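Read through the structure below, which is laid out as C-alpha cells, and then see the notes.
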Amino acid sequence: MQLTRPTTDPESDSAHCKPLLRSRALWAATLGWLAVNALVVAVAGDRLPFTWASSTGQKTADHLLEANVGLVEVLLLIALVGLLTRRRPRPDLAARTPKRAQALRETLLLLAYGAAGLAFGYVLARSLGWHPFGFHLAGTLYGTHEHVTPTEAVTWALYNVIVYALVPLLYFRRRYTAEQLFLRSADRRADTVLVAIVLVVESVVQLLVLEPETLELGGRRLLVGLPLTFTLYLAGAVLPAMIFIYAILLPRVLKLTGSTAATVVAGGLAYAALHLWDAWTRFGSLEDALLSGAFLLLTYFAPGMMKAVLTLRTGNAWVHVWAYHALAPHTLADTPHVVHIFRV
C-alpha cells in the first residue's frame, strides 16, 4: 500500500516514495521489532520488573505474545484504511509543508522542545511527590497498585495540554494555516465514514481482547465516569499527541524524508518516546532500562504508526483522534481507573 502518489515535483513529499516492500524504513522497522523481541528474551527472566496491575501473574512470553498480536491487529487496521480510502483522492501534502531548510529547523526545534517538556514534567511531578508527567496518566492501560490523586490527574492533564498542544499550536498557527497544520478536513463525509468504521472495529477488538471493566460499572458511575474520562484524556493525552506529533512534527518529517513509510515509522517512534515516563517504567539498572525501552516500543510503536497512517492518508489529524484514540482505547478502557481516582 502506497499512501502518496508519485509526482515529478522535486519538492513533493511523495516524489521519492518507494513501494513498501522496497522501503528501507519498513525493513529497518521490521528488523528493529525483531531485535526488540530478541532483547527481551535475552535480558528478561520469567517475570518482568514492571508492576502491571492488569496482568499480574503473566510471564514474559505472555507479554511478548500480546505485543506481537497487537502489532498484527494494527497492520490489519492499516490494510483496512487502505481498502476504505483506495478511491479517495490523495491529499496534496507537499503544498502544505514548508521548504526543506525551514522544515529541518522546525523539526530540530520541536525535538528539543519535546525533550525539555519531558524533562521539566519529570522534575515538576517528582517535586510534588507524583509520578513523572508523560503522555499517559499513571495507571493508564496497565493499571497500577499505587495511589493517584485527583489533583495529580488534573495537573497532569493541564501540564500536557498546555506544553504539548496549546503552546506549539499558538506558535505555529501564527505562521501556518489550519490546512497546513492538518487541522481541517478536505472531505468531511469521507473522514466521518472512515472514523466510524475504524472506531467500530477497534472498539470490538478492545471489548473482545481487553474485556474492559467499564461495562461492569453501574449507571451513575458510567454517567459521570465516561465524560470525565473523555475530558481528562482528551486534554492530557489525545490533544497533545495530535498537535505536537501528527499536526506539526509529522509533516516536517515527511518533507525531510520524502518517504511516507519512513514518516509513518517516525510517527510510531515519536509516539513511543513521549510515553517515556509511564509509571510502570524502571530505570534503576541497565537491565530495567533496556526492558523499559523495549516495552515502550512494543506497546506504543504500532499505535503511533496507525495514527500516522490515518493522518497522512486523509491530511486531517482529527481523524485519528476520533477513530483511534479518544474513545477507543482511552474512554473505553480507562473509565474504571478514573472512576477510582475521583471516587465516583
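The values are calculated or read from the model by the stated rules, or taken from the named source; none is laboratory data. This is a predicted model, so every value here is computed, not measured. Ideal geometry is used to build each Cβ from the backbone, glycine not excepted, and the neighbour counts take in all protein chains shown. The protein model used for the area step is the full one, side chains on, heavy atoms only, and it has no ligands, DNA or RNA in it. Shrake-Rupley method; radii C 1.70, N 1.55, O 1.52, S 1.80 Å.
Between 0 and 90 degrees, the angle of helix 60-84 with respect to the longest Cα principal axis of the chain falls at about 40 degrees. The convex hull drawn around the Cα atoms of segment 59-129, when projected onto a plane and averaged over every direction, covers 9.3 nm².
With bins 10 Å wide beginning at 0, the percent of Cα pairs of segment 103-241 falling in each bin runs 10, 29, 33, 24, 4, 0.
Going by accessible surface with a 1.4 Å probe and the largest first, T260, T149 read T149, T260. Just so you know, the averaged projected area of the alpha carbon convex hull for segment 226-281 sits at 4.7 nm².
What accessible area per residue, rounded to a whole number of Å², is obtained for the chain using a probe radius of 1.4 Å?
46 Å²
Carbon-plus-sulfur fraction of the accessible area of segment 218-326, 1.4 Å probe, in percent?
Accessible surface attributable to carbon and sulfur in segment 218-326 totals 74 percent.
In this structure Y159 has an accessible area near 20 Å², from a 1.4 Å probe over the protein heavy atoms.
Any idea what angle helix 188-209 forms with the longest principal axis of the chain, computed on alpha-carbon atoms, 0 to 90 degrees, nearest 10? Tilt relative to the chain: about 30 degrees. Sorting 137-143, 292-298 by their mean Cβ neighbour count within 10 Å, with the most densely packed peptide first, gives 137-143, 292-298. Considering only L332, L276, T314, the residue lying farthest towards the positive end of the dipole of segment 254-344 is T314, judged by Cα position with unit charges set on Cβ.
For segment 37-79, the direction-averaged projected area of the alpha-carbon convex hull comes to 3.5 nm². Think of the chain as a dipole: +1 on every Lys or Arg Cβ, -1 on every Asp or Glu Cβ, centred on the Cα centre; then among V193, V43, G134, V193 lies furthest on the positive end. In the chain, the longest principal axis of the Cα atoms and the axis of helix 24-43 are about 20 degrees apart.
Could you give the size of the charge dipole of the chain about its Cα centre, using +1 on the Cβ of each K and R and -1 on the Cβ of each D and E, expressed in debye and rounded to the nearest 20?
I would put it at about 1400 debye.
Among (1) 19.6, 59; (2) 36.5, 141; (3) 24.3, 81, only one was calculated for this model; which label is it, if the read-out is Rg and Dmax of the Cα atoms in Å? Computed from the coordinates, Rg and Dmax of the Cα atoms in Å corresponds to (1). The ratio of the alpha-carbon radius of gyration of segment 155-197 to the globular-protein estimate 2.2 N^0.38 Å is 1.52. For segment 171-293, the normalised intensity computed at q = 0.09, 0.10, 0.14 Å⁻¹ comes to -0.41, -0.50, -0.97 (log10 of I(q)/I(0), Debye sum over alpha carbons, equal scatterers, no solvent). The alpha carbons of segment 250-344 give a radius of gyration and a Dmax of 15.8, 49 Å, in that order. In the assembled protein chains, H145 presents an accessible area of approximately 140 Å² (probe radius 1.4 Å).
Toward the positive end of the charge dipole of the chain, with +1 on the Cβ of Lys and Arg and -1 on the Cβ of Asp and Glu, the farthest Cα among P227, A116, Y176 is that of Y176.
Placing +1 on the Cβ of every Lys and Arg and -1 on the Cβ of every Asp and Glu, with nothing else charged, gives segment 81-231 a dipole about its Cα centre of roughly 1000 debye. Every pair of different Cα atoms in segment 40-190 enters the Kirkwood calculation, which places the hydrodynamic radius at 19.7 Å.
Full extension of the chain between R105 and W52 yields a length gain of 15.1 nm, computed as 0.36 nm times the residue separation minus the alpha carbon distance. Let me know the whole percent of all Cα-Cα pairs from segment 303-344 that are separated by more than 13 Å. Everything past 13 Å amounts to 57 percent. Ranking of V123, V338 by solvent-accessible surface, largest first: V123, V338 (1.4 Å probe, protein heavy atoms only, all chains present).
Dipole magnitude for segment 62-169: about 860 debye, using +1 per Lys or Arg Cβ and -1 per Asp or Glu Cβ, origin at the Cα centre.
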